[in-house]
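To keep things clear, I will list the structure first and then write my remarks on it.
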Amino acid sequence: MNPFGVSGKTVVVTGARQGLGKVFAQSFAEAGAEVFLMARNVPALEAVAAEIAEKSGAKCRIHPIDVLSETSVAAAADYVRTMAGRLDVLINNAAVGRGNAPLQDATLEEWNLTMGTNSTGTFLCMKHFGRIMIEGQSGCIINLTSLAERVVLQGTCTGAYDVSKAAIACLTRCMAAEWAKYNIRVNSISPGLFLTDINRDFVDAHPGFYNESKSRIPRGRWGEPKEIGALAVFLASDAADYITGADMHIDGGYALW
Ligand SMILES: NC(=O)c1ccc[n+]([C@@H]2O[C@H](COP(=O)([O-])OP(=O)(O)OC[C@H]3O[C@@H](n4cnc5c(N)ncnc54)[C@H](OP(=O)(O)O)[C@@H]3O)[C@@H](O)[C@H]2O)c1
């Protein structure tokens, strides 16, 4: 058996309708996993499922989820329990980004939206999907943190986002320790800079940022979204069985200098 394989595994990807979440979904589907695509925008999820089916022949299931709502998260977890009876891999990818208001001008609503979606949303998904894994005494959870959890990006004012991601990194370590007894591994992926909708407006509004930021990256470029899928597949595979509580940096070496 291929130790790097994920064929037949049941995988939930939140925020799967675009960006990195779509890449995670494609990568697992192409590797033979049974993938559940989740986000709020169902027509967009259907388009992703159609694209995956056309490219790889894989049929993904779709379910709406709003990670701000415990009722919605619980319903999505019930759907997976009913349809698959188990869950092998959860990718907590849904998030909102940047904002970029200086803290003295930020509103409580903006702060709560960011913390609610990113940190509390990850908690809610871990709670409800994690119960399926505890029932099955097995599972792998991959949370999305960020370079911004470790490094303040010069020229940005993204305190709420950065704090929300640092909280996810801490939650990852806590639950890796707590759920090891259930044979559940919990790791995070910490991406550097990948051009997606989460940062496109900021890049467009700050023309110097893209090139200036490249000079801070030893690899000399931003990441390509398609480069991130293999890392998640590896973390979910049996080859990574002894990896838990880790924050895997995929950032071209940003922060080494
Ligand atoms: N791109 C980067 O450079 C970068 C760097 C570091 C970390 N990351 C992290 O990587 C992950 C993916 O980022 P991305 O760049 O792919 O972002 P993106 O293109 O903005 O996608 C965000 C996804 O989250 C979903 N989402 C937002 N709010 C939601 C909610 N309340 N409930 C459920 N789903 C929700 C969106 O779908 P709906 O709107 O349909 O719900 C969308 O699918 C995020 O966790 C982000 O923080 C990205």
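No lab work stands behind these numbers, since they all come straight from the coordinates. Since the model is a prediction, treat every value here as computed from it, not as a measurement. All Cβ positions, glycine included, derive from the backbone under ideal geometry; neighbour counts span all protein chains shown.
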Task: Protection-proxy order for peptides 112-124, 207-219, each taking the mean of Cβ atoms within 10 Å per residue, highest first - done: 112-124, 207-219
- [ ] May I ask which residue of Gly223, Leu87, Gly208 lies farthest towards the positive end of the charge dipole of the chain, with charges of +1 (Lys, Arg) and -1 (Asp, Glu) on Cβ and the Cα centre as origin?
- [x] Leu87
Open item on the list: Please compute the volume of the convex hull spanned by the alpha-carbon atoms of the chain and report it per residue in Å³.
Closed with: 128 Å³
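Provide the gained length on full extension for the span Val151 to Arg81, in nm with one decimal, where the gain is 0.36 nm per separating residue minus the Cα-Cα distance.
Values: separation 70, 0.36 × 70 = 25.20 nm, distance 3.84 nm.
That works out to 21.4 nm of additional length.
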Open item on the list: Using 0.36 nm times the number of residues separating Lys214 and Arg173, minus their current alpha carbon distance, what extension gain do you get?
Closed with: 11.7 nm
Task: the range 10-246, dipole about Cα centre (Lys/Arg Cβ +1, Asp/Glu Cβ -1), debye to the nearest 20 - done: 400 debye
Task: Cβ-based charge dipole, the chain, positive-most Cα from Gly130, Ala76, Gly192 - done: Gly130
TODO: Just order 143-153, 37-47 by mean Cβ neighbour count inside 10 Å, highest at the front, would you?
DONE: 143-153, 37-47
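State the extension gain, in nm to one decimal, for the chain segment bounded by Leu195 and Lys59, taking 0.36 nm per residue of separation less the distance between their alpha-carbons. Numbers along the way, then the final one.
On the way: separation 136, 0.36 × 136 = 48.96 nm, distance 2.73 nm.
Gain on extension, Leu195 to Lys59, equals 46.2 nm.
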TODO: Amide H neighbours of Met248 under 5 Å, at least 5 residues apart or on other chains, H built in the peptide plane: list them.
DONE: Ser188, Ile189, Ser190
